[in-house]
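Step one of this worksheet: look at the structure below.
The values are calculated or read from the model by the stated rules, or taken from the named source; none is laboratory data. What you see is a predicted model; the values in this text were computed from it and never measured. Glycine gets a Cβ as well: all are built from the backbone with ideal geometry, and neighbour counts include every protein chain shown. With ligands, DNA and RNA removed, areas are computed over all heavy atoms of the protein, side chains included. Shrake-Rupley method; radii C 1.70, N 1.55, O 1.52, S 1.80 Å.
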Amino acid sequence: MVTFQFVPYHEIEDLGSARRVKRLIDIVKQNKIVLLQGRLKEEEEADLIAIAMEEIKGKFKGIELAVINPEEKSKEGLKRLRSNFYNLVLGDRQGLTIIGPASIVKDIKKDPTKIELLTKEARNRRK
Amino acid sequence: MINILKSFISKVLNNLFKKKKNVRLGLYGPPNGGKTTLANRICKDWLGEDMGDVSNIAHETREIQIKEQISIKSKGKELDFNLVDTPGIATKIDYEEFVKAGMKEKKAKQRAKEATKGIIDSIKWLDEMDAVIIVLDGTKDPYTQVNITIVGNLQARNIPVLIVANKSDLKKSDVKKVQAAYPQYSVIGISAKYGNNIDKFYEGLFAIAG
Ligand SMILES: Nc1nc2c(ncn2[C@@H]2O[C@H](COP(=O)(O)OP(=O)(O)O)[C@@H](O)[C@H]2O)c(=O)[nH]1
Ligand SMILES: [Mg+2]
């Protein structure tokens with residue numbers, strides 16, 4: 001069985017970068033897949049990877065990460081301006097960030113209309 | 001007081017005579033894209049020596065490697081830089097992959113441990129770069145989250161980027177696909193291993209670091 005945990009943006013909004021990243025990693029380390037409303041700052045994404053590396057030990061082998069950003073594909077001219085404006089107003093609560101433990105999620109393939117989450121075969125996991 | 005004066009004078013003198021600071025040029029990308037192969041190619045072309053070990057097993061480079069004072073020439077211009085080969089960035093490391101590749105368990109675990117440190121260092125060093133070459137394996141999906149995160153972090157730090165679609169000697173290598181994934185950057189298709197299109201690559205370096 002795979003468990004997802006939804007994290008609304010307001011739950012991390014007031015946290016500093018280090019605590020945001022820690023909050024998310026702690027959930028992933030409980031073998032759950034995080035569905036975070038919105039997205040982290042670029043630097044926080046890099047921090048998340050660094051922290052994941054520090055935590056690798058035993059069964060925890062790191063993370064799979066995917067950021068789904070509806071405006072990403074069309075960042076040109078006016079649309080880009082508009083999306084920057086939304087980012088300013090909404091913070092980064094647009095889109096969706098998926099973070100899963102690498103031991104469960106093998107790969108996350110994304111395209112604009114669908115997300116494919118490839119999980120490891122159950123028999124692999126049980127051994 | 002004397003000390004303060006001394007240090008002040010030496011600072012002024014230093015500034016007066018300081019040579020133009022060497023550009024720090026970093027190699028980033030996911031493991032196995034060909035960063036070290038490209039670093040070796042650059043070093044061989046301009047210094048006549050190698051830089052690091054290359055392997056088909058991922059995470060061969062697990063420490064930051066620096067080659068100082070490389071000077072390249074293209075179209076009558078000259079560019080001096082320090083080349084920084086990094087372990088690159090990945091989000092997961094499984095020692096069992098190394099075991100599958102034929103390594104003993106103990107050695108595989110050691111390699112995994114070192115690899116995690118290498119990735120942490122690569123991330124720390126992002127801030128130290130003046131310009132970055134992102135080396136992607138042109139035969140693979142360019143639009144992965146790791147690649148996007150690297151590009152995004154460099155952009156957030158205002159560091160100029162040149163993207164290389166490597167392994168153009170392989171039929172599957174697809175520069176156009178890489179270019180389509182990163183339309184706002186210049187993408188150059190090369191073979192670091194065989195040297196295909198390497199002159200275009202050196203010209204591209206002048207554009208980001210010159
Ligand atoms: N066919 C081909 N293989 C390459 C090329 N560049 C690197 N490789 C191979 O890709 C593997 C990883 O190369 P390496 O330089 O260690 O990658 P790094 O992890 O990014 O430093 C090695 O087996 C290299 O021989 C290339 O241009 N063409
Ligand atoms: Mg290497």
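Structure values in brief
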{"item": "Under Karplus coefficients 6.51, -1.76 and 1.60, residue-wise ³J(HN,Hα) of segment B:177-194 in Hz, glycine/proline x", "result": "5, 5, 4, 5, 6, 10, x, 7, 10, 8, 10, 10, x, 9, 10, 5, 6, 9"}
{"item": "Percentage relative contact order, chain B, counting C-alpha pairs under 8 Å, at least six apart", "result": "21 percent"}
{"item": "Probe 1.4 Å, accessible area per residue of chain B, Å²", "result": "54 Å²"}
{"item": "Cα principal axis extents for chain B, largest first, Å", "result": "64, 44, 35"}
{"item": "Heavy-atom accessible surface that B and A bury in contact, both chains counted, 1.4 Å, Å² to 100", "result": "2000 Å²"}
{"item": "Separation of the residue A:109 and residue A:57 label points, Cα + 7 Å toward Cβ, nm", "result": "3.6 nm"}
{"item": "Spin-label model distance (nm) - residue A:1 vs residue B:180, 7 Å beyond Cα toward Cβ", "result": "4.2 nm"}
{"item": "Solvent-accessible surface ranking, highest first, for B:148, B:163 at 1.4 angstrom", "result": "B:148, B:163"}
{"item": "For segment B:148-173, residues shielded by at least 40 square angstrom of accessible area compared with the chain on its own, probe 1.4 Å", "result": "B:149, B:153"}
{"item": "Phi-based couplings in Hz for segment B:78-88 (Karplus 6.51, -1.76, 1.60; Gly and Pro marked x)", "result": "10, 9, 9, 7, 9, 8, 10, 8, 10, x, x"}
{"item": "Under DSSP loop assignment and at most 15 Cβ neighbours within 10 Å, longest trypsin sites (Lys or Arg not before Pro)-free interval of chain B", "result": "B:22-74"}
{"item": "For segment B:48-115, fraction of C-alpha pairs farther apart than 14 Å, in %", "result": "67 percent"}
